[in-house]
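What follows is calculated from the coordinates using simple rules that are stated; it is not laboratory data. All values reported here derive from a predicted model rather than from experimental measurement. Counting neighbours? That spans all protein chains shown, and the Cβs are built from the backbone with ideal geometry, glycine included.
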Amino acid sequence: MTEQTINELADFFRTFKQGETKQPPQSNLTYDDAVTYFFRNMEVRGLASETKHFYRDKLNAFRKFLVQIKKVQALETLTHSELEYYIESKYSKNKVNTFNCHARALRAFFNYLERDGYLIANPARNVKPKKVRKEKIDYFTVEQVRKLLTSFDLRYKSELRNLLIVMVLLDTGIRNSELVRIKLEEINTKERSIYIYATKTNTFRTVYYSKETERIYNVYKREVLKGAEKGPLFVKFHRQYNEPILDSPLNTEMVYGLLSRKAKKIFGPGFRMNPHKFRHTFATHFVINGGDPFSLRDLLGHTNIETTKIYVDMSPKDLKTKHAKHSIISNIENDRQAGEYHEK
């Protein structure tokens with residue numbers, strides 16, 4: 001082996017060794033700068049405003065703790081024990097979902113800082129959400145839906161709007177944030193479909209509505225929207241005159257409010273009726289009536305089939321009904337009779 005070769009190999013291994021042991025310099029990272037970098041990354045990724053609001057709320061609460069322990073100006077000195085103390089002491093007595101929201105938000109924040117080189121030591125690396133006990137899905141029965149749909153006083157235009165809101169929620173399973181963003185130009189009347197922007201996942205999908213919903217939509221468009229072809233589908237009303245404000249869309253809080261008042265009026269105080277219960281109702285009855293979870297996933301806009309599979313976990317009564325309809329043993333007699341018919 002020549003001297004030149006030996007020197008080249010020595011330089012190679014020297015460079016390799018230096019690259020392996022070299023550590024990025026420890027920086028004086030402030031919390032406010034870190035948050036700025038984090039949200040700048042969200043902007044680049046095009047995440048929805050609701051997602052950014054979720055993180056901002058959790059990170060603002062965490063900042064108050066950092067002020068108390070005097071680490072706002074030196075985030076890299078924060079330890080896992082301090083972070084764990086914050087979550088446990090502040091949120092362990094709350095509902096599990098509240099605890100997990102803060103835990104996930106802080107873990108995502110610090111994971112980003114570590115991944116992009118702003119922090120060397122990640123204090124949230126071993127922060128884990130608590131296990132959530134699976135609860136039975138709360139949805140409307142057929143009888144409750146029938147009672148709800150027949151409770152609207154259609155002498156009032158606002159009640160016509162409210163009826164359409166309920167029918168669209170039941171018919172499509174869309175989220176409240178998606179409902180209030182529907183525009184007339186996103187509705188395809190020939191296909192009876194709506195092009196939906198999913199604020200939660202920052203994606204688009206198409207959902208469909210029935211002939212029954214179509215009938216109410218046509219009346220609403222003619223009587224309330226005066227045949228408009230563009231603008232928000234669901235609009236606010238003047239309180240005094242019960243007349244629509246055509247360019248002013250409803251917001252999510254208003255939908256919650258009108259559903260809550262309706263629930264109290266027809267089902268009594270304490271009855272739970274919010275937009276997500278309509279989503280559960282759509283999904284649950286879709287499965288009960290024979291729909292497959294993969295189609296349901298696309299209609300609901302889920303990114304993970306595991307999220308959709310919760311609706312397959314029906315009550316015993318529902319499983320009994322589906323078993324009687326779809327069991328191979330239950331259908332053998334029908335298959336035999338069909339075969340004898342064809343033989344004849």
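Couple of notes before you dig in:
- Here the simple spin-label model places points 7 Å from the Cα toward Cβ, and for VAL72 and ILE305 these points are separated by 4.9 nm.
- Low-density loop cleavage sites - chymotrypsin sites (Phe, Trp or Tyr not before Pro) in region 139-173, where at most 16 other Cβ are within 10 Å (DSSP): TYR156
- Taking a point 7 Å from the Cα of THR189 along the Cα-to-Cβ direction, the residues of region 222-240 with backbone N closer than 19 Å to it are 222-235.
- Label-point gap, in nm, between ARG146 and ASN111 - each point 7 angstrom along Cα→Cβ: 4.8 nm
- Note on GLU50 and ASP298: their simple-model spin labels are 2.2 nm apart, each label 7 Å out from Cα toward Cβ.
- This ranking places THR150, THR303 by how few other beta-carbon atoms lie within 10 Å of each, fewest first, which gives THR150, THR303.
- The trypsin sites (Lys or Arg not before Pro) found in region 215-275 that occupy coil by DSSP, while having at most 11 further C-beta atoms within 10 Å, are LYS226, LYS230, ARG239, ARG272.
- Per-pair calculated FRET efficiency, R0 = 25 Å: ARG222 and ASP153 via Cβ, rounded to 0.05: 0.85
- Computed FRET value (nearest 0.05) for LYS265 with GLU212, which takes r as the C-beta separation and R₀ as 35 Å: 0.95
- Taking the convex hull of Cα positions in region 149-266, its mean projected area over all directions (nm²): 7.2 nm²
- Region 112-206, relative contact order [Cα under 8 Å, separation at least 6], %: 11 percent
- Loop-located GluC sites (Glu not before Pro) in region 121-192 (DSSP state other than H, G, I, E, B) with a sparse environment of at most 13 neighbouring Cβ atoms within 10 Å: GLU135, GLU191.
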